[in-house]
Amino acid sequence: MHLTHEQFKWLVCAVTIALPAGTWLWHERRKRKDAAPASIVILLQNPRDLKVQLLADLLSKVTGRSVRAIEMGDKRTREDDNKPAGDMVAGASPHFIAQVGGTAFAIHNLPVPYMDDPVHASETVPELGLRKAMKDHKAWLSMDILNPKAATPEAYRVVARVLANLIDADCLALYHPPTNQLVPCSIDETAAKLKAPDPINATFHEITQIPVIPIDDDPRLRDAEAEAKRRFSEFETAFRRRNGTGFAIKTQVTSHGKSEHIWVEVDSISAGKIEGRLGNDPVDLGDFKIGSKVEIETSRVEDWVFMRSGAPVGLLTVPVIQQIERERSGTK
């Protein structure tokens with residue numbers, strides 16, 4: 001979709017006029033599954049300061065093209081109106097419009113939650129980390145491919161690589177409206193996935209973080225944990241003999257009255273105690289974070305795993321948790 005200067009000017013004006021109703025418009029659009037935008041959304045802890053020149057620089061960087069920034073109030077002669085607009089981005093927060101290589105994009109930067117009632121919406125999310133991200137986010141930004149027919153892999157690569165450069169500590173989660181996939185944000189890992197040749201698959205389908213899911217006192221899970229305790233000697237023997245790699249155990253960690261079942265990378269085992277480091281970020285355990293040192297009794301081990309000959313040994317509770325989740329979601 002190649003725009004002339006006149007068409008681009010009217011598109012920018014349309015977006016500007018719609019600013020007071022922008023939040024409502026996008027909330028309503030998200031409610032309609034058949035109108036899911038071809039976009040990637042970042043849920044943010046705090047509102048983002050986004051400038052048109054920064055976007056022009058990022059688009060130039062990721063596409064190798066010379067993308068011009070149009071500041072609000074930029075004047076052009078009428079003789080230019082019917083000429084091709086070229087590669088440019090215009091607007092100001094909360095909405096920007098860009099045209100690069102003939103493809104039109106919209107960039108939205110809203111200082112409000114992405115959904116109308118984030119607390120209520122979070123209650124439908126089983127994974128505790130994502131549930132917290134939905135409740136805690138105060139702002140969002142996204143980049144959309146405006147013409148659905150232009151939502152090609154190459155266009156998505158432009159979107160993903162621009163957003164990869166906007167990932168920072170305020171990023172809580174990413175959302176892909178067409179597939180309704182919500183994933184946690186980890187600064188370096190997420191940025192790398194967004195820069196992959198197939199960013200949608202890498203970011204939203206190749207999940208590498210272990211989910212934290214609350215499960216009631218299901219007897220199948222208790223049985224699996226009991227088996228892990230009975231067979232812990234297998235883990236300890238392999239660890240002492242270094243007959244494997246990536247030794248980790250799952251246990252309950254408590255801080256300030258809150259507890260989570262979390263994986264711990266094992267550093268040492270002696271006198272019935274395990275010293276190690278948290279293998280993934282807790283959801284809400286105060287100062288604890290990935291890499292925090294902990295010491296636990298071996299009797300508190302709930303599961304264990306290590307790698308041998310390229311395959312995992314252990315993970316006795318994982319098949320049970322997966323089965324429970326399939327039952328909850330109605331899948332086989």
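The values are calculated or read from the model by the stated rules, or taken from the named source; none is laboratory data. Here the structure is a predicted model, which is why all the values come from computation and not from measurement. Counting neighbours? That spans all protein chains shown, and the Cβs are built from the backbone with ideal geometry, glycine included.
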Could you check the stretch 182-205 and list, in sequence order, the residues that are among the charged types (D, E, K, R) and closer than 11 Å to Ala160 by Cβ? Lys193, Lys195, Asp198
Checking Asp49 against (1) at pLDDT 90 or above; (2) closer than 23 Å to Ala155 by Cβ, the condition it does not meet: (2)
Phe232 is checked against (1) at pLDDT below 95; (2) closer than 27 Å to Leu285 by Cβ and fails just one. What number does that condition carry? (1)
Within the stretch 123-154, which residues are hydrophobic (A, V, I, L, M, F, W, C) and surrounded by 21 or more Cβ atoms within 10 Å (Cβ to Cβ)? Leu130, Ala133, Met134, Trp140, Leu141, Met143, Ile145
Do the conditions hold for Ile290, that is, is it free of Cβ contacts under 8 Å to residues at least 40 places away in the same chain, in contact with a strand residue (DSSP E or B) (Cβ under 8 Å, 6 or more places away or on another chain) and closer than 21 Å to Val313 by Cα? no
Meets criteria (under 30 Å from Glu154 (Cβ atoms), surrounded by fewer than 18 Cβ atoms within 10 Å (Cβ to Cβ) and over 24 Å from the mean Cα position of the chain (by Cα)) for Gly91: no
Residues that are under 10 Å from the mean Cα position of the chain (by Cα) and either among the hydroxyl-bearing types (Ser, Thr, Tyr) or over 17 Å from Tyr156 (Cβ atoms) (or both), drawn from the stretch 174-188: Tyr175, Leu182, Pro184, Cys185, Ser186, Ile187
The residue from Gly279, Gly244, Gly272 that alone is surrounded by 13 or more Cβ atoms within 10 Å (Cβ to Cβ) and at pLDDT 90 or above is Gly244
Just the residues that are within 28 Å of the chain's Cα centre (by Cα) and over 23 Å from Leu130 (Cβ atoms), please, taken from the stretch 212-264. Gly246, Phe247, Ile249
Return the pairs, sorted by first residue and then second, in which the second residue is among the charged types (D, E, K, R), the first residue lies in the stretch 50-66 and is in contact (Cβ under 8 Å) with a residue 40 or more places away in the chain, the beta carbons are less than 6 Å apart, and the residues are 6+ apart or on different chains. Val62/Arg161
Is there any pair linking a residue in the stretch 230-244 that is farther than 14 Å from Ser268 by Cα to one that is in a helix (DSSP H, G or I), with Cβ under 7 Å and at least six apart or on different chains, and which? Phe232/Thr298; Gly244/Ala238
If we only count strands (runs of 3 or more DSSP E) wholly inside the stretch 218-332, which ones have 2 or more residues that are under 30 Å from Asp136 (Cβ atoms) and among the polar types (S, T, N, Q)? 245-255
Tally time: how many residues in the stretch 187-205 are touching a residue at least 40 places away in the same chain (Cβ under 8 Å), outside any helix (DSSP H, G or I) and either hydrophobic (A, V, I, L, M, F, W, C) or out of contact with any Lys or Arg (no Cβ under 8 Å at 6 or more places or on another chain) (or both)? 1
Would you mind finding the one in Ala173, Ala202, Ala191, Ala238 that is more than 22 Å from Leu55 (Cα to Cα), at pLDDT below 95, of a type in the set (A, V, I, L, M) and crowded, with 16+ Cβ neighbours inside 10 Å? Ala202
What are the pairs, 6+ residues apart or on separate chains, where a residue within the stretch 137-150 that is assigned to a loop (DSSP other than H, G, I, E, B) has its Cβ under 8 Å from a residue that is among the aromatic types (Phe, Trp, Tyr)? His137/Tyr114; Leu146/Phe105
